[in-house]
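In what follows, a single structure is set out as structure tokens and then discussed.
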Amino acid sequence: MFKTVEWKNNRVVMIDQRLLPNKEVYNTYIDYKQVAGAIKDMVVRGAPAIGVSAAMGVALGGLSIKTEKPAEFKKALEKVTKLLASTRPTAVNLFWGIERMKAVVAAHPNASVAELKKLLVEEARRIHQEDIDICRRIGRHGGALLKDKFHVLTHCNAGALATAGYGTALGVIRGAIERGRNIKVYADETRPFLQGARLTAWELMKDKIDVTLITDNMAGYMMQQGLINAVVVGADRIAANGDTANKIGTYSVAVLAKEHKIPFYVAAPLSTIDIKKKDGSLIPIEERGCEEVTHLRGVAVAPKGVKVRNPAFDVTPNRLVTAIITEKGVVRPPYRQNIKALFQD
Ligand code: MRU
């Protein structure tokens, strides 16, 4: 089985997701700046995987700081966390991972630099392992919602490739299959970056899970034909009221699901919930380069100079979300109240 991101001999190793499904190449990073570049350039992507990678980037950055003085070390570490935090704006897990790393330093005010370095590496490895465990718990809770012979539509890639392993939305599908349920997956190709076609189809086929690839504009037809029983997607940031930012096109799928009375589930760890954002309008949406829209794998599919928009995410209003599946269980409306309760015990 492939590893999305791994800490190995004080280096960070990542599968290069830009090259999938054609080539399975692993990049090794020795420097935090390279890790920041890998997040920005989509070598690694998917909210939880970005969070884990950022934490490992902080650990790498910490190891590279050459001072014995804790105060100087902390100052230099600020530069590291600042760069990593500037890579992508929407997935809150990035900031969550960095904050976890900062908190370790803050919790050990009398530690030596050598001790702080060790603590940072340990924390990054813990975040990685926790993410796998969390995904499995999401899979156990969510798997129960998918009945035998269900056809499930998913958008983008919220699988093992988007996490430290197992996945959130695809974790729910894996959880249902582990319960002995026969599940058929429909994967939206997910224009413009094609995470569905390139990544979801690849990892599900590797796991021998029944997957059918469709273009994004086929989802409505499939629903109208009665071919979809449930939609399960991941999330990049969930506001305190349950509004959910996820890959561009998720909102359209949610509207379609509502029209066809199909349950629309969001699967995400608590680290994706941004309790400080009271609703989805406050979530920053990343706007990416034009070439992703005008070109397909380097070949122009639009006239040169055409005006382009490329928002990478959209926000699905909470009223369209049937339930949010977390490691602590399945949350249903009223979201503001029930999400708050998740953080209280
Ligand atoms: O731009 P990406 O590929 O990082 O976007 C990823 C998504 O939108 C995923 O659905 C989301 O991060 C959930 S991953 C478990």
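The values are calculated or read from the model by the stated rules, or taken from the named source; none is laboratory data. It should be emphasised that the depicted structure is a prediction, and the values quoted were computed from it without experimental measurement. In this analysis, Cβ positions are derived from the backbone assuming ideal geometry, glycine residues included, and neighbour counts consider all displayed protein chains. The area values use the complete protein model at the heavy-atom level, side chains included, leaving out ligands, DNA and RNA. Shrake-Rupley method; radii C 1.70, N 1.55, O 1.52, S 1.80 Å.
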Could you give me the residue pairs with C-beta distances under 7 Å whose first residue belongs to region 89-104 and is open to solvent by 10 Å² or more (accessible area, probe 1.4 Å), whose second residue is part of a helix (DSSP H, G or I) and more than 13 Å from the ligand (Cβ to nearest atom) wherever it lies, and which are 6+ apart or on separate chains? 95/85; 100/55; 100/123; 100/127; 102/81; 104/119; 104/120; 104/123
Report yes if some residue within region 303-315 is among the β-branched types (Val, Ile, Thr) and within 11 Å of residue 265 (Cα to Cα); otherwise report no. no
Would you call residue 49 in contact (Cβ under 8 Å) with a residue 12 or more places away in the chain, on the phi < 0 side of the Ramachandran plot and touching a Lys or Arg at 6+ places or on another chain (Cβ under 7 Å)? no
Can you tell me which residues in region 203-218 are acidic (Asp, Glu) and either farther than 16 Å from residue 229 by Cβ or outside any loop (DSSP other than H, G, I, E, B) (or both)? 203, 207, 216
Looking only at residues in region 187-202 that are within 15 Å of residue 45 (Cβ to Cβ), part of a helix (DSSP H, G or I) and in contact (Cβ under 8 Å) with a residue 24 or more places away in the chain, which one is nearest to the ligand (Cβ to nearest atom)? 195
For region 185-202, does any single residue satisfy the condition of being over 18 Å from the mean Cα position of the chain (by Cα) and open to solvent by 30 Å² or more (accessible area, probe 1.4 Å)? no
Leading residue by the ranking (farthest from residue 47 (Cα to Cα)) among those in region 121-140 that are hydrophobic (A, V, I, L, M, F, W, C) and in contact with a helix residue (DSSP H, G or I) (Cβ under 7 Å, 6 or more places away or on another chain): 121
If you go through region 168-177 one residue at a time, do you hit one that is open to solvent by 20 Å² or more (accessible area, probe 1.4 Å) and out of contact with any Lys or Arg (no Cβ under 6 Å at 6 or more places or on another chain)? yes
Quick check on my filter: what residues within region 158-176 are in a helix (DSSP H, G or I), more than 9 Å from the ligand (Cβ to nearest atom) and hydrophobic (A, V, I, L, M, F, W, C)? 160, 172, 173, 176
Search region 149-166 for residues being within 10 Å of the chain's Cα centre (by Cα) and of a type in the set (S, T, N, Q), and hand back the single one that is surrounded by the fewest Cβ atoms within 10 Å (Cβ to Cβ). 163
Quick check: is even one residue across region 141-153 under 27 Å from residue 18 (Cα atoms), in a strand (DSSP E or B) and touching an Asp or Glu at 6+ places or on another chain (Cβ under 8 Å)? yes
Is it the case that region 15-27 has a residue that's exposed (fewer than 13 other Cβ atoms within 10 Å of the Cβ), among the charged types (D, E, K, R) and touching a strand residue (DSSP E or B) at 6+ places or on another chain (Cβ under 7 Å)? yes
Residues being closer than 24 Å to residue 340 by Cβ and within 14 Å of the ligand (Cβ to nearest atom): count how many of those fall in region 252-279. 12
